[in-house]
Structure formats: structure tokens, C-alpha cells
Amino acid sequence: WSLPLKSVFVTFPGDIIKNMTDTELAETYLKRFGYLDTVHRSGFQSMVSTTKAVMRMQRQMGLEETGQLDKSTLEAMKRPRCGVPDVAN
Amino acid sequence: YQTFEGDLKWDHNDVTYRIINYSPDMDSTLIDDAFARAFKVWSDVTPLSFTRLFEGTADIMISFGRADHGDPYPFDGKDGLLAHAYPPGEGIQGDAHFDDDEYWTLGTGPAVKTSYGNADGAMCHFPFTFEGKSYTTCTTEGRTDNLPWCATTADYGRDQKYGFCPSELLYTFGGNANGAKCVFPFVFLGKEYKGCTTEGRSDGYRWCATTENFDNDKAYGFCPSRDTAVIGGNSEGEPCHFPFVFLGKEYDSCTSEGRGDGKLWCGTTDNYDEDKKWGFCPDKGYSLFLVAAHEFGHALGLDHSNIRDALMYPMYSYVEDFSLNKDDVEGIQYLYGPKTGPDPTPPKPTAEETDPTDDPRPTEPSTTTTTRPVDPTKDACKLTKFDTITVIENELHFFKDGHYWKMSSRSDGKLQGPLSVSERWPALPAVIDSAFEDLLTKKLYFFSGARFWVYTGQSVLGPRSIEKLGLPNTIQKVEGALQRGKGKVLLFSGENFWRLDVKAQKIDNGYPRYTDVVFGGVPNDAHDVFQYRGHIYFCRDRFYWRMNSRRQVDRVGYVKYDLLMC
């Protein structure tokens, strides 16, 4: 059995870097589309609002409302879409 | 559905729009058409009308841009954000912006409109064969002037239909040179350029001078992207260079190696490790029509919907036979009300309106088609083989190369034609491999290559892939069709045939079956099969084999003398 090829990740010049952690991806997505307002809150409160924000996004996208950054939610956040926010502001 | 706060909407129904600039990904006429069709989606269900302006300020200003394109919401490179639009109002309100780091198509891969050649600007047909080789992109093979070209039918050798593909050597778009082609080399800021460049611009668009010296003449245009061009990266518009070396290994095709997002990319020089020149490989792209219809929904006052099948759902998904979801219609009619009054087109005479005491000829088709003979010198009797022969409205039709002839069903056997296919069925390509009329619904099915069209009167559905009917993607073309009782049609290809349940639009189980097993005694490589006056005809070259209802071959003859009555 050959060892699985270890993929080397390269930074391509001119590429708009999108290598974000899942949390960064979610934070950016929720703010950009109006689920999370960009006003910074204290640690605890921001956790509550993030979970709530994730649930609102899951409802908008017809996903199971878990409040967690599960696989289907992260997948949805990576899909091509319109730039207009989902939450009217 | 949602509307914007305060139910923002236009205070007039005759909305205007203006296209400020174009994407290099598609011919400007295709972009114009996509936007026009996107507006029609909404004008079909409301009292709204959309008028295009070519100068000044329109309600909806449409533009393409990349990354930071002049408003507070920058785009984000390939994929991710595709476009955005603003709700109705003054200034930037109502405008629609499209991210030009995307690959704009009609949603199913390169949409390449040809110019010059002999195909009247028809679209490239991919794949096409040329001198025994199959091509899925434009090619310069067979030419010494390095101009990319393509066939507009599946088989160039058979049809000789071709046109030239977008290339800066043929024309430019935008700029101030009225579409003149590039001049290479040209001088810009004292430096010589042998190809298009993004130098001197911050928006990443490739341009060229249309004279030898831009510094003196200031004449320029934007370079259309070739269909083989990479997207994004740092080599916008350049073709892949195969093979190319990456991390010491040689690649002969696009790869996702080195990336965590699985996107296919390629080097645009022979050695990525040294030159670091790369781009994303062309994929299906995003349907400009679908994205524009969504964005125009915003520009009319609709916000996002949470109905997954609604056009106003935030995420993109390609649909072949698009129609507005009920949710979209309810939303836009909440703002502007339903469409009022009939279309201005006069009602068409229908069969029952004609006086039965009229001339006993078969009832004229309910859709009045004005077809004019195109080239009387084209003599059907000089043709040895037709693309397809079939019965439509009780008359035998002979198709060849964009023309057709029809044999009156009266005993005098008068042949009419040649008539123009594109006049009567504008959506169809030049070569029709087979066709049939569904006896129940009177719908006409046309097959060409791996695609099919369904005409109901003047309206058409398609092209769609024959895989939608459940036919395998290995089929090059459908060569014959036989109606078998109510709602079943046998479709022939090569040595096999399948049975289509027309109502279910699905192939029945237990197929394919071998033609020569079921229809003994006829050639199993017939290029045409049709039903006529109670007999089944299998055609190969100049001959036909006629089979009676007991599946006995009761006659072999010449198409020319027995069917065309030459």
C-alpha cells in the first residue's frame, strides 16, 4: 500500500487567498450577508449571537437549524451566490 | 419572498436600462441577448416594460467589474460572489454589477459565437470532428493564419459549416476603435507589445492598440477572450501551455494539485516553477442569463427568498429549462401587479376557425408559418442522401443542410421546396439527424447530435441533451424515429433502438435492443428510419427498404424515384 500522496498547497501569485479556517469563513460570511452585525460584542455575547446568526442562515438556506458549523452549512457558505445581503439592512 | 424595507419599487412601469461595458467571455450580441431575456422574465408577469438606452443615465445601469469596482462592495475573484444589484431608486440604486473574474457563459461551458466563415454567425458545435479528430475547443489546425475556428455542426467533413472564433486578431470590443482588430506589435509608453496587455489599467481588462503606435494615435480596443483562455489567476486571457512543469512534475492537462479548493488550473508557460504564470481552466461557467434575471429581480425591488427553487434564492444553481417559481411571481406582482391585457400580437387563426367547406386539402397547420423557397436551384433530385426524412402534418419532409422539401400528401405528388429550416424552426441547427411528430400532442421533436428540440407550434423547448430522455451519452446521434401506438416512439442509433415513453419523457426499461433482431432483413446501419403510409422505411444512401405491418420487407427501391418522384 503506497502512502497517500501528500498534497502540497502552494500560494499562487495573484490568487485571491481564500484559505480561511472554517470559523473565519463563517464569520466573514455571516457578516457579509447581514446575519451578524459588524458591531463587536463582548466574548460571551458574541458566542450567543454567532450561534443565533448561524441558525438564521440555516433557516434562510433551508438547512437543518443546528446553530453548529456542520458540513452542510460550511458547504453552503462556499457555494457561488449573489452578493446582496440576505438580511435586509 | 422578501421586498426591501419600505417596499422600494419603481414609480413608473417603463423602466430603462443601459449596458455600460462587456465581459470578454462572450460575444457582445450574446450578452445583449442574455440581458434582454433576463428582463423578459419579469416583463412576462408584470405590467413592466424594459427599454434599452445607449447613452445617458438609465434606471438600471449594468456593468462588469473585478474586485474593487467602484462601490463599497468589492468582488472576490473567481467563484464566491457572482454579482450584486441595488434596489430601485436614484443614482447607484437600481444598478447591477457582474464580477468579471467569473467565467460568463450560458451555463453549459464555452458559448462561442462565430463570425465570418459560412455559418451566418452560428454557435460553435462542440465536440466537432475535423479530419478524423474530435475537437472540444476552437482550433487553428488546418490554417496557416493562426486564426481560431470551429465547425458549427458535429461533422465538419460532412457539412463543411464553419466560422471564426473570438480572437483579437479578428476584432476588439469597446474602446474607441469601433471594433477594429489589434495591430501587433504596437508601441505603448515607448515599449513594444506583441500581444494584448493589462498594462496601464487597474481593472485587469486586456487591451491592445489598433494602430502600430498607441502613444501617437491613442486608438485601442479590448481583447475578446479565446475559448481556450484561462480565467483569473495572473494570466487572464492566455491559453494553457501543455505540457507545463509544476513542482518538478510535468502536466499535460489541467490539475487541482497544489490547491486546497479542488479548482482546476494550468500553467500558461512551459514551466510554472520558474515563471509562476497560471490561471483557472475554463469550466461550465455561470449562466449570465440566470444571474442577470436574479439581479434584475433585486433592481426591481425583490430581496432574497428562502424558497430553494425560487430565482431569488441567494445561491446559484444552473437550470436548463428555466421558469419563474410561484414565489418569485407572487413577490414581483406584490410590487407591480400582474401583467395587464393581452400581448399586442394579433390572435393566430386556429384550425377550427377555418371554414370546413374550404379546399379539402389537409388543414393548414394552426401556426401560420410564412416560409419562402430559398434557392430554387437547389434540386432535391440531385441529392443522393438526406440528413433525415420524416412525416410532419401528414406530409413527407426531406431535410438537408438547413433546407427541406415536402411532398404533398395528395396523389399529384408535387414536391415543394427547397424551404428554409431556420425560417420555419428558427432554433434548429443546419443538420437535423432525425425528427418525429408526436401524434397525440402534435409536438415536433428534432434531433441533432446529442441535443434535441421540441416545437409546439412556434414555441420551442431546447436545445436539451438527449440524456434528459434517458438515452446514454455514448450516442453520437439519433438516426431514426418510429411512432409505435399511442405515446411510444422507437429511437434508432447505430445498430440499436430504444423505446421512448413520450408522456413520461423517459426510455422504457429493457432497451436498447438490436435493430436486426427485431426488424430482420433491413440494413442495421440505416442512417434514417421513418414511418410513412403504414410502412416502415429504412434508408441507407440512395436506397430504402420498405417493411409492412407484418415486419416483412416487401420492397427495396430508390429514394429518388419512388419517394421524391424524380
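Please treat every number below as a calculation from the coordinates, not as lab data. Keep in mind it's a predicted model, so treat the numbers as computed, not measured. Don't worry about glycine lacking a Cβ; one is built from the backbone with ideal geometry, like all the others, and counts go over all protein chains shown.
Could you work out the relative contact order of segment B:236-327? I mean the mean sequence separation of Cα pairs under 8 Å and 6+ apart, divided by the number of residues, in percent.
Details: 112 pairs, mean separation 17.3, N = 92.
With pairs under 8 Å counted, the relative contact order is 19 percent.
Just the Cα atoms of the protein assembly as shown, one point each, no solvent: what log10 I(q)/I(0) does Debye give at q = 0.05, 0.07 Å⁻¹?
Each listed q maps to, in turn, -0.30, -0.58.
Using each residue's phi in segment A:68-84, evaluate 6.51 cos²θ - 1.76 cosθ + 1.60 at θ = phi - 60° and report the 3J(HN,Hα) Karplus result to the nearest Hz, with x for Gly and Pro.
9, 7, 7, 4, 5, 5, 5, 4, 4, 5, 8, 6, x, 7, 7, x, 6
Ranked by Cβ crowding within 10 angstrom, fewest neighbours first, how are B:THR114, B:THR515 ordered?
B:THR515, B:THR114
If you wrap a convex hull around the alpha carbons of segment B:421-520, what volume per residue comes out, as a whole number of Å³?
96 Å³
Report the per residue volume, in Å³, of the convex hull enclosing the C-alpha atoms of segment B:152-233.
Values: hull volume 9.5 nm³, N = 82.
Looking at segment B:152-233, the number lands at 116 Å³ per residue.
Express the relative contact order of chain B as a whole percentage, based on alpha carbon pairs under 8 Å and six or more residues apart in sequence.
Computed value for chain B: 10 percent relative contact order.
Once the piece of chain linking B:SER459 and B:SER323 is laid out straight, how much longer is it, given 0.36 nm per residue of separation minus the C-alpha distance between them?
Values: separation 136, 0.36 × 136 = 48.96 nm, distance 1.44 nm.
Once the chain is fully extended between B:SER459 and B:SER323, it gains 47.5 nm.
Is there a quick way to get the dipole size of segment B:271-334? I mean about its Cα centre, with the Cβ of Lys and Arg at +1 and of Asp and Glu at -1; what is the value in debye to the nearest 20?
40 debye
Got a sec? Charge dipole of chain B, +1 on Cβ for Lys and Arg, -1 for Asp and Glu; which of B:GLY248, B:ALA38, B:GLY494 is way out at the positive end?
B:GLY494
Starting at the first residue of segment B:461-468, write each ³J(HN,Hα) from the Karplus equation 6.51 cos²θ - 1.76 cosθ + 1.60 with θ = phi - 60°, in whole Hz, x for Gly and Pro.
Karplus-based 3J(HN,Hα) across segment B:461-468 equals 10, x, x, 10, 6, 5, 5, 4 Hz.
To the nearest 20 debye, what is the magnitude of the charge dipole of segment B:144-288 about its Cα centre, counting +1 on the Cβ of each Lys and Arg and -1 on the Cβ of each Asp and Glu?
340 debye
How much length would be gained if the chain were fully extended between B:ALA36 and B:GLU131, taking 0.36 nm per residue of separation minus their Cα-Cα distance, in nm to one decimal?
On the way: separation 95, 0.36 × 95 = 34.20 nm, distance 3.87 nm.
Computed gain between B:ALA36 and B:GLU131 is 30.3 nm.
Provide B:SER422, B:SER49 in ascending order of the number of other Cβ atoms located within 10 Å of each residue's Cβ, fewest first.
Taking fewest neighbouring Cβ atoms as first place, the list is B:SER49, B:SER422.
For the pair B:ASN524 and B:ARG555, what calculated FRET efficiency results from E = 1/(1 + (r/R0)^6), where r is the Cβ-Cβ distance and R0 = 25 Å, to the nearest 0.05?
0.85
If you take the charge dipole of the protein assembly as shown about its Cα centre, with +1 on Lys and Arg Cβ and -1 on Asp and Glu Cβ, which of B:SER63, B:VAL517, B:GLY285 is farthest toward its positive end?
Looking along the dipole axis, the top candidate is B:VAL517.
To the nearest Å, what is the center-to-center distance of segment B:46-68 and segment B:244-290, using C-alpha atoms only?
Answer, in whole Å: 34.
Simple spin-label model, 7 Å along Cα-to-Cβ: B:TYR514 to A:LYS31 in nm?
In this crude spin-label approximation the distance works out to 6.9 nm.
Taking the Cβ of each residue in B:LEU564, B:LEU147 as the centre, tally the other Cβ atoms inside 10 Å and list the residues starting with the fewest.
Fewest-to-most ranking of B:LEU564, B:LEU147: B:LEU147, B:LEU564.
Cα-Cα pairs above 42 Å in chain B: how many percent?
33 percent
Across segment B:67-151, how large is the tail of the calculated P(r) beyond 17 Å, expressed as a percent of all Cα pairs? The partial results should precede the final answer.
Values: 2282 of 3570 pairs.
Here the tail beyond 17 Å accounts for 64 percent of pairs.
Could you tell me which of B:LEU8, B:GLY233, B:GLY94 has its Cα farthest along the dipole of the protein assembly as shown towards the positive end, charges placed at Cβ (Lys, Arg +1; Asp, Glu -1), taken about the Cα centre?
Farthest along the dipole direction, towards plus: B:GLY233.
Pick out, in residue order, every one of the chymotrypsin sites (Phe, Trp or Tyr not before Pro) in segment B:38-90 that is DSSP loop and has at most 13 other C-beta atoms within 10 Å; say none if there are none.
Here the chymotrypsin sites (Phe, Trp or Tyr not before Pro) that fit, given the DSSP loop and packing criteria, are B:PHE54.
With only Lys, Arg, Asp and Glu charged, each at its Cβ (+1 for the first two, -1 for the last two), find how big the charge dipole of chain B is about the Cα centre; round to the nearest 20 debye.
Computed charge dipole of chain B: roughly 2820 debye.
Work out from phi, with θ = phi - 60° and the Karplus expression 6.51 cos²θ - 1.76 cosθ + 1.60, the ³J(HN,Hα) of each residue of segment B:271-285, listed in order in whole Hz, and give x for Gly and Pro.
Once θ is set to phi - 60°, the couplings for segment B:271-285 become 9, 5, 4, 7, 8, 6, 9, 8, x, 7, 7, x, 10, 5, x Hz.
What residues from segment B:1-20 fall in the zone where the backbone N is under 12 Å from a label point 7 Å along the Cα-to-C-beta line of B:SER49?
Within reach of a label on B:SER49: B:13-16.
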